[in-house]
Each structure stands twice: as C-alpha cells, then as structure tokens.
1. Short version: what are the Cα gyration tensor semi-axes of chain B, square root of 5 times each eigenvalue, largest first, in whole Å?
2. Can you compute the modelled spin-label distance between A:Ser34 and A:Leu265, with each label point 7 Å from Cα toward Cβ, in nm?
3. Name all residues of the range A:57-90 having a backbone nitrogen under 16 Å from the label point set 7 Å from the Cα of A:Thr282 along its Cα→Cβ direction, giving them as ranges.
4. With θ set to phi - 60° and the Karplus curve 6.51 cos²θ - 1.76 cosθ + 1.60, what are the ³J(HN,Hα) couplings of the range A:146-155 in order, to the nearest whole Hz, using x for Gly and Pro?
5. From the Cα gyration tensor of the protein assembly as shown, with a ≥ b ≥ c the square roots of its eigenvalues, which class applies: rounded if a/c is under 1.5, or else prolate if a/b is larger than b/c, or else oblate?
6. Please give the calculated 222 nm ellipticity per residue for chain A, where each DSSP H segment of at least 4 residues contributes -39500 (n - 2.57) and the sum is spread over every residue; nearest 500 deg cm²/dmol?
7. Compute the separation of the alpha-carbon centres of the range B:300-316 and the range B:102-164 and state it in Å as a whole number.
8. Given the range B:3-56 reduced to its alpha-carbon atoms as identical point scatterers, what log10 I(q)/I(0) does the Debye formula return at q = 0.15, 0.30, 0.31 Å⁻¹?
There are 2 protein chains.
Amino acid sequence: MPVEDRKKSRVTLLDVAQRAGVSRATASLVVRKSPLVGAQTRARVEEAMAALGYVYNMGAARLRAERSNAVGVVVPNLTNPFFAELLSGIEAVIDRAGMVVLLVNSGDTVERQDVLMRRLREHGVDGIILCAAAGTQAGIVQQLLDWDLPVVQTLRHISPELDYAGADYAAGMRQAVDHLADLGHTAISFAVHGPVHSAYDERIKGFGEAMRARGLKSDHVIRVPDQTAQIPQAAKALFEASRPTAIICFNDVIAVGLNAGLSDLGLKVGKDVSLVGFDDVTEADIIRPRLTSISTAPVTIGEDSARLLLDRIREPQLPPRWIIKPTQLHVRHSSAAAALSLGIHKAG
Amino acid sequence: MPVEDRKKSRVTLLDVAQRAGVSRATASLVVRKSPLVGAQTRARVEEAMAALGYVYNMGAARLRAERSNAVGVVVPNLTNPFFAELLSGIEAVIDRAGMVVLLVNSGDTVERQDVLMRRLREHGVDGIILCAAAGTQAGIVQQLLDWDLPVVQTLRHISPELDYAGADYAAGMRQAVDHLADLGHTAISFAVHGPVHSAYDERIKGFGEAMRARGLKSDHVIRVPDQTAQIPQAAKALFEASRPTAIICFNDVIAVGLNAGLSDLGLKVGKDVSLVGFDDVTEADIIRPRLTSISTAPVTIGEDSARLLLDRIREPQLPPRWIIKPTQLHVRHSSAAAALSLGIHKAG
DNA sequence: CTGAAAGCGCTTACAG
DNA sequence: CTGAAAGCGCTTACAG
C-alpha cells in the first residue's frame, strides 16, 4: 500500500483493544503492566499488540499522564573524557530505570545553559541533572522551583537547596599535599586552569588549608592554559615562577601535559620533580612515568546523581540530599621523595 | 497558593490567546513563528506569553503534528574519548537546528541495541544516528524501513541503503604504511583490538593491500587486549611474535598503551621502534614522544552524520548518501627512519 | 477485573 | 490575517 496509507494506519491502542476483544482502558492497563488484568486477558492483548506491530506512543501518554520517562542532562563540555565518564554513569542508571537521557551541552556559558534548560522543559523532561556552567547564579534555583522541575546538581553546586552528587575535593587536595609533604616536599605548586566554579574553589581552598596545616607556604597557585595542546609549554614558566620540587595538578589533563613539558625541559618526573594528578582517569596508569593521582570516580558520581534524581522525581518533597564521595590517593611513579627532587635546580 | 493549584493552573496556549485577545489558532501560529501573523498581533501574543510564563508543550505538539524535534543517537560506548568527540559534533549540529539529542549506549551488543532502538521509537524521535553494535545484521534495515524511521549510520556501516558518515579507513592505513615504508621499514606489524565491524574490516583490508602494494608481508596482524590498562603488557608478546621495526595501531588508545609498554621494555619509541597511531586524538600531541597518527576527525564525522539526518528527515525519499572523509597523516616524533630502528633486536 | 466518557495541549484544515 | 471545530493517542477517574 502507498506510504500515505501506511502512515494513516498507525496502529493505536484502540486497534489492539478491538482485536483482543477488550476495551481501550484494559489494553492501556496491559501496556503499563498493571496487575489488575487477568493472565489470559493480558495474553490476548499482548498477542494482538505483536500481531498488529503496535508501538507505544510516549508522547500521547505523557500528555495525559504528565510523565515523560526522559531526563535532561546538562554538561558544560563533551570532549573532556571526565565528562564522558560521568555521562556513562548517568546513562547506565537512567537506562536501567527504563528511561532515556536528553543530552545538551552548555559550552560552560550561562546564556546557552538558559536556552537549553528551557528547551528541556519544553520537551517535558521529568527532571534535570545539571553540571552548572561557571558563573551560574544561585537565583536559578528560584526559577527551578517556580518551574516545579526536579533538579540535581552534579560535580558543581550552586545552592544548598538542591540535591548534589560530587566528590570531596578539599579532602582530595589534602591527600595530595600530605602525600607530598610526607615525602619531604616543601615547595609545592598547584597548577590550575579552566572556569571557576564550586569544585574549583574547593580545590583551591583545600590546597591552601592543607599546605598551611603542614606549615607550608600556600601561595604557589599557577594558572596554565585551558587548551590541552598548550599545557606542555607552560611547564617552563611554572618553574621560573616558583621553583617547586613538586606540582599538584587541578586535573589529569594538566598532569599529562606538564609531564610532557617537564620531560621536554630535560627533567625526569618522579625523580627531578614530583607530579600528582587529580581525577585518576584511565590514562593515568598508561602514561610513563605512571601518574600518581587522586581518584574522584566520575562514573560513580554519575550514577549517584542519576539515583538522586530518580528518588526526587518519585518524592519531590524529600529534603535536599548531598552525596559526597571520598577521594582516593593512587600512588604510582610520578611522585618520589624530595631529596631526589633537588636536581630540579639544574633546570634554572 | 498550594502546589496542587499551581499544577492545575499550568498556562496553556488558550490562556495566552485569551489574554492577548486572539484565538488559540493565532497564538499557535505565533509560537511557531509563522509569517501569517501581523506584527502588532504577534507582539501582543508574545507579551502575553511572557506575562503568563507560558511554556511550549512539545509533547502535545508532537501528538498532533507528528514531529518531535528530537533525534536518537546510539553509540556502542561512551567512555572512549573518540565517541565523546563524535557525540560532541552531533550535539552541536542538532542543537543548532533547535532540536535535542536522546542518547543511548548499546554497550556494543545487538540485544541492548534492539531494546534501545524500540525505546527511541516509542519516544517518537524524528530519526536516529546509529553507530551499530558489532554483529548487527543487515536485516535491521528492513525493520527500519517498516518503521518508516530515518536512520543514518556513522563510523560503521551495515547497509548500502542507509546514509553513512565516516572516514576512509583503508586510505588511512595506506598513508600509515606508505609513511613507514618510505622511512625504510619492511617489518611492520598491525596492532588491533576491539569488536569486528566495517571500520575494523576496512582497516585490516587497507593494511594488507597497502603492504602488498609495497611488496611487504602483510600477515603481522596482532590482537592486543581490549582493556586499556592491559595494553602496555602486550608489547612484549607482540615483539616476540614478529620482531617488527614499526607498528601501526588500530587506534590511539593502543598507540598510547604500546608507547608505554615499549618504554617499559627499554626501547625508545621513535628511535628503536616506530609507532603510528590512528584517530589523532588531542592526546597524540601531548604524550612523549609526540605520536605520529592518522587523523579521522571524529567531530567532523559527527557533524556530517547529524546533517545527513536532518536532510533525510526533511526529504525522506532522497537516495542514500555516503560522506566519507579523507584521513590525514600527522607526522610527529614516534616514527623515524628504519636504520635507526635496528636497535630493536637488542630487545629479544 | 472491565467499559464509556472526558480531556491532556496542541495543530490542522476549513471558513471567513 | 483570524476563529470554531475536530482530533492526535493515550490515561484517568467513575461506574459497574
């Protein structure tokens, strides 16, 4: 038959009901797996669905039931492998719940984020997992409440009133500092980059407090380029600025870049200078020297945030919950005792 | 007012129309930016929408109009940075079209893929971008035609009847082989892993043909572990098997892993042995030695596949189109003249 | 456990 | 350019 006719003849729940000899309401109950329907009735309906090639129409269901089985996920960036892992955790949990992820990328700008949040809302998502763009104002929370839309914050938080899943970044910095201080390092720099947000602040603050707690100077915080490709070149200036014997990195992207840059300068990482990364991405174990890093388990954070959202959709009145996972120090070969690191002064 | 009431009082197009003093149809035309509406009428309606906090209900629109402004994207894997880049390209184009991405992860199994394709269909997506799970049968195409659902294949193809966006993998292998042969290498191995699909076959075939074209033996194809963390350990066996002076890698993940494994064996990559990667991910330039690699531009492929899908949604009767991008050789420091590579025999 | 009726919020012809 | 009516496919009470 012609295409027109095929389109017209889309099979509906009524068709299924008629073929099965039941009412539309009963067919609807079968689709939704209600226990109210008897076994043989259910079987007849299911057979009819199969025979007719019935496709459930979420759109129609959503219109009546105010439930879309879709959640929005707003990330600031897709190419950073860290966010890909986060997304992977989110997707797995949402998928298991029989729901679907609407993915949007804010590019870390609040304007785009605003447009995209509206778009998600128009699409009727049941809730949103938000890794807020840098600069997002806490005022957004009021808007979200007005919208009556469940939201959980992930990795970055902007308000105590909203659920949050993240890692204990300050504790992670403490682990990094203590590890290096225990190895005898005193001149420790912190290499950072990227936009400023809660996770940034917590790391900066964590670094400062941990350094001071060990009686060390905490003012060696140095920004390196945001562009991955340019990070290696930043190694030189970083040294000339403060002559560190050890460097803690804001993330593993920086660590990998500086590892290259230091080697370009003729320095042996893990001998002349120690390097500690942050995030512990898969790669940390397969670069040389193997990278000592603080793991923040992005997949787990993704799973946590998805579970928080599912709970909140189910029970909107729940008080805000924060799941903050401890970080873990993975010692590998890029960090070593300070005595061995003195060789760095050759580099000047 | 209580929450119940707020929910009830969801503002609809009718509310907007009444406040603006027009009919619902007119308000609908304004929402859809129809040119049929006069400027001052439009202004009145828009003002009413703003005043009332109107939110367009895609679900209702879709029910009537059979258009969801959402496309499904099926990937086999999210944690591989390569797919994240692909996704990034797709998302950018779909976003620019005012549409939204439904993201699902098949885990590279056809069973999951089947479930997820159905789910996307129930959600009423306007089309699907499919990076088919390994083992997907060409029979799926008939199902897709029955479903009347626009689909474009990306990175991997299973049928000539469907649109496809990818890279010329065979040509890429030729570039890699020619580059190494030009440097005087004759004992060249090909390190592969992962599931078997069209892109896999094309690379294997491309390697074999290119080697034979240069009069070289093409049987040194060696599988390394799929698990990234285990790749470095595979370097030793790889050598004992065939004593290559150069290795071409199926992708950069393998190249980075072997780079580490070779260095663990005391071999200098780019001197004792040459290494050529495939994909040219960002990282290729920031590991040491810098990795010679064949770029396949995943972001561009993502953009291409999204554009193909948008075109097909607009014009379903278009003949199938294939966009196959040329690859590019990026020579860096991991590949060098063969004479320098003889030192490898020390490793035995 | 099942049926008849109403309605979710929009768009689509069809008149004017 | 605008209005009144019908209907997309489902679910929700309400009776039985």
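1. Working from the Cα gyration tensor, I get semi-axes of 52, 20, 18 Å.
2. It works out to 7.1 nm between the two label points.
3. So the set is A:79-90.
4. Working through the residues one at a time gives 4, 6, 6, 10, x, 9, 10, 8, 9, 6 Hz.
5. Oblate is the answer for the protein assembly as shown, as a/c is 1.5 or above yet b/c matches or exceeds a/b.
6. Values: 14 runs with 154 residues, N = 348.
Per the formula, -13500 deg cm²/dmol.
7. The range B:300-316 and the range B:102-164 have Cα centres separated by 15 Å.
8. One equal scatterer on each Cα of the range B:3-56 leads to -0.37, -1.20, -1.26.
The values are calculated or read from the model by the stated rules, or taken from the named source; none is laboratory data. All values derive from a computational prediction rather than experimental measurement. In this analysis, Cβ positions are derived from the backbone assuming ideal geometry, glycine residues included, and neighbour counts consider all displayed protein chains. Keep in mind that these areas ignore ligands, DNA and RNA; they rest on the heavy atoms of the full protein, side chains included. Shrake-Rupley method; radii C 1.70, N 1.55, O 1.52, S 1.80 Å.
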